[in-house]
Amino acid sequence: MNNHSTSSMIRFRRTIGIGIALTMGMTISACTPKSPDVATPPTGGTGTAPASSPASGGGGGSSLSGAGASFPAPLYQRWFADYNKANPGTQISYQSVGSGAGIEQYLAGTVDFGATDAPLKAEERAKFKAKYSAEPIQVPMTGGSVVFAYNLDGVKDLKLSRAAYCGIVAGKITKWNDPEIAKANAGAKLPDQTIQFVHRSDGSGTTYQFTTHLKAACPVWTAGANKSVSWPVGTGAKGNEGIAAQIQQTPNSIGYVEYAYGKQTSLAMAAIENKSGKLIAPSPEAGAEAFVGEKIPADLALTVADSANPKAYPISGLTWLLLYPQSKDAAKQTALKAVIDWSLTTGKATATELGYVPLDAELTTKVKAELAKVK
Amino acid sequence: MTSPSPSSKEGLLEASTRFNPVRALDQNFRRLTLGLAISVGAILLWIAYSLLIIAIPAIQAFGLGFLVDSTWDPVKNIYGALPHVYGTVLSSLLALIFAVPLGVGVSIFLTENFLQQKILRPIAFIIELLAAVPSVVYGLWGLFVFLPAIKPLLQGLHNFFGWIPFFSTEPGGRQLFGASLVLAIMILPTIIAISRDTLTSLPPKLRQGAYGLGATRWETIVLVLLPAALSGIVGSVMLALGRALGETMALAMLVGNANTVNISWLAPASTLSSLIANQFGEASGLQKSSLFYEALILMVLTLLVNVLAQALVSRFQQVE
Amino acid sequence: MTPLSSQMSAQPDGGDVDFGVSSGRQLFGKVMTGLVFACVAIAIIPLASILFMVVANGLGGFSPAVFTELPPAAGMSGGGFRNAIVGTLVTCAIGAIISVPFGILTAIYTVEFSQGNWISQFVRFCTNVLSGVPSIIAGLFAYGIVVLLTGGFSAVAGGVALSVLMLPTIIRTSEEGLKSVPKATRLAAVGIGATNFQTVTQIVLPAAMPFIATGVTLAIARAAGETAPLLFTCLFNQYDIKGPWEPTATLSVLIYNFAISPYKNQQQLAWVAALIIVVIILVISIIARIVSYRKVY
């Protein structure tokens, strides 16, 4: 009996042992694919793969993690990947979890930096001060414009007056051949079709920028300004990608996306009427005009709801990084400052290339001054 | 362990009063399994508790009125679940309307020897496989294959039956009706599998008796077999309903995510789970709390349906 | 009328005896048969279309690079999802590590020790209820107990969510497996002086193993495709994970993200990932089938 029981006991243990070994193998294999990647250069396509950082190298390497806004995510990921190529010691991973979650993680201290499309609110600043007994540091990194992208057969250069786009988002204008739209588009063949308006289904900084403008510019807009609002009309799609995809796939649709996404997906974008009554087509240059002459507040939380500049594309905003004034890990802070500095200078070209609005000289100077506070 | 204690012969569960390391191991093993068994229930309570604790601010703010309020306004911080309860229930019911007759029809086809088993077996296998296909794959298919394919059909519905309120709006790319049809396809394998099991498990006496009394094949099916299998079929339908109510991904991708109550089925809508999937990431404060409140409603809804389904299925098993 | 004549017999309702099957009854049969075949056709078309499209579109975009490269950024071409494959395996493994011992031990209690008392009834009820819990709620649960407490999204959080969904399947199939072991085996073990622990772990459990293995593989198959519970637990990650406490890419979330993307290349990869998931599920189901044939009793 004794013999029998021990032997089958061993057998049973072995079964469990194999199970554990298998699962361990899986966990280990999570790390192993790295090594071949270092040996063989990526065969095209994986432009953003930073996987070749020498994990064993150690010597002065910093691994930073950040989380937050989804609107600048393509730019940040590109910046950080490019920076990593130039400086293999620094690896920065950025999770595009959304501005709200970005601020939450920043306040909780689980990241090395946060990112948001809407500047910190007074109560969030107070929370940070209470926890870290210092002012939070928020620095704008880039700007962007929110554009009306549309899918309308045969209509190339749609122009929307204030009354037209306000009416569309408020659900007052429902047909493409509405006189309010037709007025500005003489000669265009506007169909007698229902306007399929597409908005964000998730909360987003893009929506914050968009509705901040609507609130300032449209008397018919009553839903207010926030990262998500109660939409009077339309279909919801997730993310800038979701809206762009839905517009692609739905004839007679219109929606709002960041200029960068509209550009990358080659969607048609409407010119809209600004405060001075001029029809302005979206572009990084026209977006940059929106910030010209605006007074920059001390916390760098510059928001322009409806620029008075006649050359400006009116729906433009900034996006911020949230940094800690002090940290236990000085090496990380130094590395982070270097990355930001690099992004605002060398990285400018990439920003323009992807359709973002680089900061002007004045803002850049202010950001660098603010960076000095990071220790 | 060297010599078996005499009391162990008396039976598996008789406890001895004498201390003995073998017996102690035995007792502790039993206690361990007992503890884990009870914690299955504890997990359920824990799930409900973990939802409740985050939902409390919303429950305090809106009470039961949450269920009938159709506002979802993050600007004013006022939330109501009506559009989502409406979307959830309506999409599930529409899905059932399509899936139940089809599912029962197919299960009859698979059990009543219309064709040879050689042909039926692969069909049955495909259906089993489809029950395991993840819902996100159904969503992918719905987005790129199914919705574009039925677009003209829905447009036709609107053109000819636009006077009926249910079809009164122009169908957009994504809307409740198309999403419900995909949902119907998703729950079809569940209905087929359980209905088929029920029909095959009926005692052969029933068939023999009915044929013996001169009933045709179809009279046997309609008058004898289906009534006998009814509670099992209803149980399968309830289980499918439970799955439809809780379904997330396919709906989040297809339903259009509009937080409004619209009488038209061709308008975009949203469901409890699709709203959570969409808004959870960026929500904070009362909005996040309201999302957990919605999750709680969803849990209660599916709990009721599932308990009812279990009761029906077990009643059937007793009859058997 | 001839093909039905074999079924003819006296009418049950006495009175008007009719030895033939009336044309009305024949018509009813024909109409119903037609309806059933129509049902099958209507049901098979979409179901076959799903399989066909997944295979066709998936193969169309397939290249070995999908196993070796990282997900492409917006607008980039090529790329793959090696990190998502690893992520799905790791997350499922964590789910299994939690739910398999838990499920098997629970089943041992209800089958071997409870003798059908109220606790076993209660466990059965709870298992049924648990199996009906919508998957997104399992995700919120794991968010509440893991993500909030540890302060970050992780593969562990995703594994916890999946373990909740795997548990009912594992308990049920383990119960069936244990029940399939004849009572005589247990009595024989006890007869030669084995204790409960010895009987269960050395005799009954090994005998029930094929059955239990089937349940475990089926549970893993189901978990591999789950998306909703991973949205707020694993989140996503562009890169490889270095440990279980990081945000983790999974195949299912990748399909979701790429399906709603406007970029053709990403949509294509969504189909490839869908094909790979379906193939994984198919293979697991077939393995489960083969294993369950190797029953000891």
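Which links in A:LYS85/A:LYS375; A:LYS295/A:LYS328; A:LYS127/A:LYS328; B:LYS205/C:LYS179; A:LYS368/B:LYS76; A:LYS227/A:LYS368 stretch past 31 Å when you go from one Cα to the other?
Going by Cα-Cα distance, A:LYS295/A:LYS328; A:LYS368/B:LYS76 fall outside the 31 Å limit.
Using only the heavy atoms of the protein chains and a 1.4 Å probe, how would A:LYS172, C:LYS242 rank by accessible area, largest first?
Reading off the accessible areas and sorting them downward yields A:LYS172, C:LYS242.
Straight-line reach from A:LYS175: which lysines fall under 18 Å, measuring Cα to Cα and dropping same-chain residues less than 8 apart?
Partners within reach: A:LYS156, A:LYS159, A:LYS183, A:LYS189.
Quote the relative contact order of chain B in percent (integer), defining contacts as alpha-carbon pairs under 8 Å separated by 6+ residues.
Contact order relative to length: 26 percent.
To check you understand DSSP bridge types, tell me what percent of the beta bridges within the protein assembly as shown (both residues inside) are antiparallel, rounded to 5.
Around 60 percent antiparallel, to the nearest 5.
Please calculate how many Å² of accessible area chain C carries per residue, with a 1.4 Å probe and no DNA, RNA or ligand atoms counted.
Spelled out: the 1.4 Å probe surface of chain C, per residue, equals 37 Å².
For region B:63-319, report the accessible area per residue in Å² (1.4 Å probe, heavy atoms, rounded to an integer).
Dividing the accessible area of region B:63-319 by its residue count gives 35 Å².
What helices does chain B have that are whole DSSP H segments, at least 15 Å long along their own axis by Cα, and with mean Kyte-Doolittle hydropathy of 0.5 or more? Display every interim value, and only then the final one.
Details: long enough: B:21-62 (58 Å, 1.25); B:82-111 (42 Å, 1.77); B:117-132 (23 Å, 1.29); B:147-161 (20 Å, 0.63); B:176-200 (35 Å, 1.68); B:226-246 (29 Å, 1.51); B:286-319 (50 Å, 1.14).
The answer, listed by residue number, is B:21-62, B:82-111, B:117-132, B:147-161, B:176-200, B:226-246, B:286-319.
Using a Gaussian network model of chain B with C-alpha springs under 10 Å, which one of B:ASP73, B:ASP26, B:ASP197 is most mobile by mean-square fluctuation?
B:ASP26
Counting only residues 5 or more places away or on other chains, whose amide H sits under 5 Å from the amide H of A:LYS175 once H atoms are built in the peptide plane?
When sequence neighbours closer than 5 places are left aside, the close amide H contacts are A:ILE195.
Distance between Cα centroids, region C:180-227 to region A:93-147: provide it in whole Å.
53 Å
For A:LEU363, what accessible area in Å² do you get when you roll a 1.4 Å probe over the heavy atoms of the protein chains, rounding to the nearest 10?
For A:LEU363, solvent-accessible area is about 10 Å².
Gaussian network model of chain B, Cα springs within a sub-10 Å range: biggest mean-square fluctuation belongs to which of B:ILE123, B:ILE43, B:ILE221?
B:ILE43
I'd like the distance separating the alpha-carbon centroids of region A:253-308 and region A:151-169, in whole Å.
If you average the Cα positions of each part, the centres end up 16 Å apart.
For A:THR346, what accessible surface area do you get with a 1.4 Å probe? Give it in Å², rounded to 10.
Rounded to the nearest 10, the figure is 90 Å².
Who wins for biggest fluctuation among C:SER163, C:SER49, C:SER174 in a Gaussian network model of chain C, springs between alpha carbons below 10 Å?
It is C:SER49.
Express in whole angstrom the spacing between the alpha-carbon centres of region B:252-289 and region B:88-105.
So the two Cα centres are separated by 21 Å.
Once every DSSP H run of n ≥ 4 in the protein assembly as shown is given -39500 (n - 2.57) and the sum is divided by its residues, what mean residue ellipticity at 222 nm do you get, rounded to the nearest 500 deg cm²/dmol?
-18500 deg cm²/dmol
Scan region A:302-355 for trypsin sites (Lys or Arg not before Pro) in coil per DSSP, keeping those whose Cβ has at most 12 other Cβ atoms within 10 Å, and list them by number. Provide the component values of the computation, followed by the final result.
Values: sites: A:LYS311, A:LYS328, A:LYS332, A:LYS337, A:LYS348; in loops: A:LYS311, A:LYS328.
For trypsin sites (Lys or Arg not before Pro) across region A:302-355 that sit outside H, G, I, E and B with at most 12 neighbouring Cβ atoms in 10 Å, the list reads A:LYS328.
The values are calculated or read from the model by the stated rules, or taken from the named source; none is laboratory data. What you see is a predicted model; the values in this text were computed from it and never measured. Heads up, the Cβs are rebuilt from the backbone with ideal geometry, glycines too, and the neighbour counts pull from every protein chain shown. Only protein heavy atoms, including side chains, enter the accessible area calculation; ligands, DNA and RNA are left aside. Shrake-Rupley method; radii C 1.70, N 1.55, O 1.52, S 1.80 Å.
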